[in-house]
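Novice: Take this structure, written in structure tokens, and hold onto it; I'll ask about it next.
The values are calculated or read from the model by the stated rules, or taken from the named source; none is laboratory data. Note that the structure is predicted; figures quoted are calculated from it, not measured. Here the Cβ is made from the backbone with ideal geometry for all residues, glycine too, and neighbour counts use every protein chain on show. Heads up: the accessible areas ignore ligands, DNA and RNA and are worked out on the full protein's heavy atoms, side chains in. Shrake-Rupley method; radii C 1.70, N 1.55, O 1.52, S 1.80 Å.
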Amino acid sequence: MKKNLDGSRSQNDSTVDLIGVGFGPSNLGLAIAIREHNESQESGNRITARFVESKPTFGWHPGMLIPGTTMQISFLKDLATQRNATSRFTFLNYLAEHGRLNHFVNYQTFFPTRIEFHKYLEWAANQVDADVDYGSRAVEILSAGEHFEVRTVGSSERVLKARNIVMAGGLTAALPDGVTPTSRQFHSHNLLFDLAELPPIRHNSFVVVGAGQSAAEVARHLHSTYPEAEVHSVFGKYGFSPSDDSPYANRIFDPVAVDDFYSSAPHVRKQLLNYHRGTNYSAVDLPLIEELYAIEYAERVQGPRRLFVHGASAIVDTHEDSVGVSVTVEHRPTGLTETILNDAVIYATGFKPMDLPSILGPLCDRDDFNSNGPTVTRDYRLVTTVSCGGTVFLQGGTEHSHGLTSSLLSNIAVRSGEILQAVASQSAPSPSS
């Protein structure tokens, strides 16, 4: 049994102030905020919290920790700095504790490798020592008078009780309609694990579907990892589009931009999302685009051709058998088709949000989630369809109301502080049941 963030031992039948569903970066940031809050409070004002995480251990997209890939946000947008620059849970303190601070300074970059940032997140998860039920999945949340009941399955089946719920279930890999994952057709999310289990290579050919950062990274990784193989990148654009990470465009991720977005009329929100989609969706870091183009051009000059970018194209048919996958690619402007025999098809086709209505049941209206999005207050409280004794907060799934930072790392530290403040400002909790 792990300790609560107030240092006490948790009891399975006690009512805590807060249960976090999911323990990825968002709720890890919240756990850190709670830990620092409790360290400055008398025992009666401390917040008790526990978390439920379906994974067996902490992990942040471990299947995409491709060597050499870097973060697309500054290390200063870590789990704590923008909320509390003196926090011991900052990325800079992580570097100091591991004896790499000066080396990182000499590196002169704002963008650490994804592998190093993952190690930072693991370190933070271990340091905060939160009460986390790993290997458990929340399947139902019910209002029970003055508290919620959370039914979990997995490592153990139990009912947990809390006065507040923070939903941070993350995103689920999305495959195109009609695609069933197999050992030769899979989403990029678990790339490294699925490649390790790939059946024998017979055709020395791969197809990568998608036009975003992950698709470009997968194409480069396959090209370098399988030196005899062709890599076919297929997407609807003519070419990869560069992400807009210019200083003014990045203001869309500033904390004050959340206030602006939330207070805007619906048509203004839509305009802002459309204006700035290039900062996050189907966009690739320019150096990576230039690297891929240089590879393709060099192969055109001296051969052999191994990297093929099929722009303005789409997959119109696939057929998998025991030795590979046959893929038919159509060039949309001309209608011309090409059939390629491959060892695998990797779909870098994005993610879909957690199916919250299936867990929240009568607490929310599924139609709201499927149309304009649920009603959420500025401090991320879900407006439930029934009266509850507590509050459900959303970390993610609020892009429609709070803007692009909803599911991104950019605003975790600030958002965690806002949710913590909302929980702490509520009336004093009743004695544990």
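Novice: Being assigned to a helix (DSSP H, G or I) and touching a residue at least 40 places away in the same chain (Cβ under 8 Å) narrows it down to one residue among HIS232, HIS189; which is it?
Specialist: Working: HIS232 fails: assigned to a helix (DSSP H, G or I).
Sole residue among the options that is assigned to a helix (DSSP H, G or I) and touching a residue at least 40 places away in the same chain (Cβ under 8 Å): HIS189.
Novice: How many of the residues in the range 66-79 are open to solvent by less than 50 Å² (accessible area, probe 1.4 Å) and either out of contact with any Gly (no Cβ under 7 Å at 6 or more places or on another chain) or over 27 Å from ASP285 (Cα atoms) (or both)?
Specialist: Residues of the range 66-79 open to solvent by less than 50 Å² (accessible area, probe 1.4 Å): 66, 69-71, 73-75, 77-79.
Filter once more, keeping what is either out of contact with any Gly (no Cβ under 7 Å at 6 or more places or on another chain) or over 27 Å from ASP285 (Cα atoms) (or both): 66, 69-71, 73-75, 77-78.
Summing the residues that are open to solvent by less than 50 Å² (accessible area, probe 1.4 Å) and either out of contact with any Gly (no Cβ under 7 Å at 6 or more places or on another chain) or over 27 Å from ASP285 (Cα atoms) (or both) in the range 66-79 gives 9.
Novice: Can you tell me how many residues in the range 265-282 are modelled with pLDDT under 90 and outside any helix (DSSP H, G or I)?
Specialist: Looking only at that region, the number is 4.
Residue-by-condition table, conditions (1) more than 30 Å from LEU307 (Cα to Cα); (2) free of Cβ contacts under 8 Å to residues at least 12 places away in the same chain; (3) aliphatic (A, V, I, L, M):
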site: VAL345; (1), (2), (3): no, no, yes
site: GLY350; (1), (2), (3): no, no, no
site: MET354; (1), (2), (3): yes, no, yes
site: ILE359; (1), (2), (3): yes, no, yes
site: CYS364; (1), (2), (3): yes, no, no
site: ASP367; (1), (2), (3): yes, yes, no
site: GLY373; (1), (2), (3): yes, no, no
site: THR377; (1), (2), (3): yes, yes, no
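Novice: A further question follows. Return yes or no: is PHE58 touching a Ser or Thr at 6+ places or on another chain (Cβ under 9 Å) and assigned to a loop (DSSP other than H, G, I, E, B)? Reasoning before the result, please.
Specialist: Details: touching a Ser or Thr at 6+ places or on another chain (Cβ under 9 Å): no; assigned to a loop (DSSP other than H, G, I, E, B): yes.
So PHE58 fails the test.
Novice: Another question, then. Which members of the range 199-214 meet the condition of being buried (at least 24 other Cβ atoms within 10 Å of the Cβ) and part of a helix (DSSP H, G or I)?
Specialist: Answer for the range 199-214, where residues must be buried (at least 24 other Cβ atoms within 10 Å of the Cβ) and part of a helix (DSSP H, G or I): just SER214.
Novice: For the range 216-245, how many residues are among the β-branched types (Val, Ile, Thr) and more than 16 Å from LEU191 (Cβ to Cβ)? Give the steps one after another, and end with the answer.
Specialist: From the range 216-245, those among the β-branched types (Val, Ile, Thr) are 218, 225, 231, 234; that's our starting set.
Next, only the ones that are more than 16 Å from LEU191 (Cβ to Cβ) stay: 234.
Of the residues in the range 216-245, 1 are among the β-branched types (Val, Ile, Thr) and more than 16 Å from LEU191 (Cβ to Cβ).
Novice: ASP245 is checked against (1) in a helix (DSSP H, G or I); (2) open to solvent by 20 Å² or more (accessible area, probe 1.4 Å); (3) closer than 30 Å to ARG83 by Cα and fails just one. What number does that condition carry?
Specialist: (1)
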